[in-house]
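Participant: Take a look at this one; I'll ask things after.
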Amino acid sequence: MLVAVIGQSCVKSVSGRTDFENLAPTVLMSDGGMANFQANALLFPPTDPADTAYFHVEYASTTTATQDEVVTIAIDQAALDAYNALGGNQYTIFPDSIFSFSTTSVTIPKGNNYSAGIPLIVFPDKINLLNNYMLPISIKVAPKGSTISSNYTTIYYHLIGNPIAGLYSQEWIRYNNAGGTGTPAYDLDLSPGVFAPLDGTTISVSSGTGVNYILTFTNTGGVLSNFQVSLDPASVTAAKITITGGPTIITADPTTKTYQFNFTYNNSSGAARNITDKFGPF
């Protein structure tokens, strides 16, 4: 953590070594910062009445806190404005109807370096899935004698608007051959399948096989077209399979909310498999 905050305080060289003894304590949100922006996208199931995300404030020091240290935090409209000024996806502040957050004072207890979990309550079933929303929460006042990290001042909770995001029914079909012939070895209802937005025209959804589809499309004034599907390479590696064909789109119809994808692979033993995932209204 010293790497994250080293630019904040005075560090000197003593007899050929780096001296951290007088490094001023730094308060930060290690869960936040732009480095964790993607991880702070809220992907709760959209039919949930309420869900809670937790974050922490850290007191980074060469020792634990010698007394209770109190940090002031607040929802930060200026951080949202600064983010939007960078270009790219534009966000509006969370409307009051979709969240509950009232914490303004956080305590790092004596003998610790972290606060307890700080809750942000979100009401997913009240969220308009077409809109981009952000709720930046920032450290505003640090305890006496400490500084605020410049890189981890703010946690950027956000919701990405996407016209096909949400919950879908999911049927997963596996044939134990490459051609997909005969009787399926498995034909399972894995509902719900979550179309999680990565941006306004991209979603990720898991196959029953354990790999993730990445579905992209073009949005022209609300008319969706040019659907294309791929597999997330990291998820393929984690599944320890070798893709031998696809994925291909069999159906992609946003009007009826029906999507069907197919791919083939060899497992770690070299056995061929044929996979179809079907998604529909949930």
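Participant: What number of residues within segment 104-130 satisfy the criterion of being surrounded by 14 or more Cβ atoms within 10 Å (Cβ to Cβ) and either of a type in the set (Gly, Ala, Ser) or assigned to a loop (DSSP other than H, G, I, E, B) (or both)?
Facilitator: Qualifying residue count for the region: 7.
Participant: Go through segment 197-282 and tell me which strands (runs of 3 or more DSSP E), entirely inside it, have 3 or more residues that are open to solvent by 30 Å² or more (accessible area, probe 1.4 Å), free of Cβ contacts under 8 Å to residues at least 24 places away in the same chain and farther than 23 Å from Ile127 by Cβ.
Facilitator: Per the criteria, 223-231, 242-253.
Participant: If we keep just the residues of segment 146-193 that are buried (at least 19 other Cβ atoms within 10 Å of the Cβ) and aromatic (Phe, Trp, Tyr), which is nearest to the chain's Cα centre (by Cα)?
Facilitator: Tyr157
Participant: Continuing with the same structure: Can you tell me which residue within segment 131-161, out of those that are of a type in the set (Val, Ile, Thr) and part of a loop (DSSP other than H, G, I, E, B), is nearest to Gly88 (Cα to Cα)?
Facilitator: Ile160
Participant: Looking at this structure, is Asp199 among the charged types (D, E, K, R) and over 25 Å from Arg174 (Cβ atoms)?
Facilitator: Yes: the conditions hold for Asp199.
Participant: Consider only pairs whose beta carbons are under 7 Å apart and that are at least six residues apart or on different chains; among these, list those whose first residue lies in segment 30-41 and is modelled with pLDDT of 90 or more and whose second residue is of a type in the set (S, T, N, Q) and assigned to a loop (DSSP other than H, G, I, E, B).
Facilitator: Going by the 7 Å Cβ cut-off, the qualifying pairs are Gly33/Asn151.
Participant: OK, next. Looking at Ser150, Ser102 in this structure, which one is out of contact with any Asp or Glu (no Cβ under 9 Å at 6 or more places or on another chain), without any contact (Cβ under 8 Å) to a residue 12 or more places away in the chain and either of a type outside the set (Val, Ile, Thr) or over 20 Å from Phe263 (Cβ atoms) (or both)?
Facilitator: After applying the criteria, what remains is Ser102.
Participant: So is Gln67 without any contact (Cβ under 8 Å) to a residue 12 or more places away in the chain and open to solvent by 40 Å² or more (accessible area, probe 1.4 Å) or not?
Facilitator: For Gln67, the condition - without any contact (Cβ under 8 Å) to a residue 12 or more places away in the chain and open to solvent by 40 Å² or more (accessible area, probe 1.4 Å) - is not met.
The values are calculated or read from the model by the stated rules, or taken from the named source; none is laboratory data. Note that this is a predicted model, so its numbers are computed, not measured. Here Cβ is always computed from backbone atoms with ideal geometry, including for glycine, and neighbour counts include all displayed protein chains. These area figures cover heavy atoms from the full protein model, side chains too; ligands, DNA and RNA do not enter into them. Shrake-Rupley method; radii C 1.70, N 1.55, O 1.52, S 1.80 Å.
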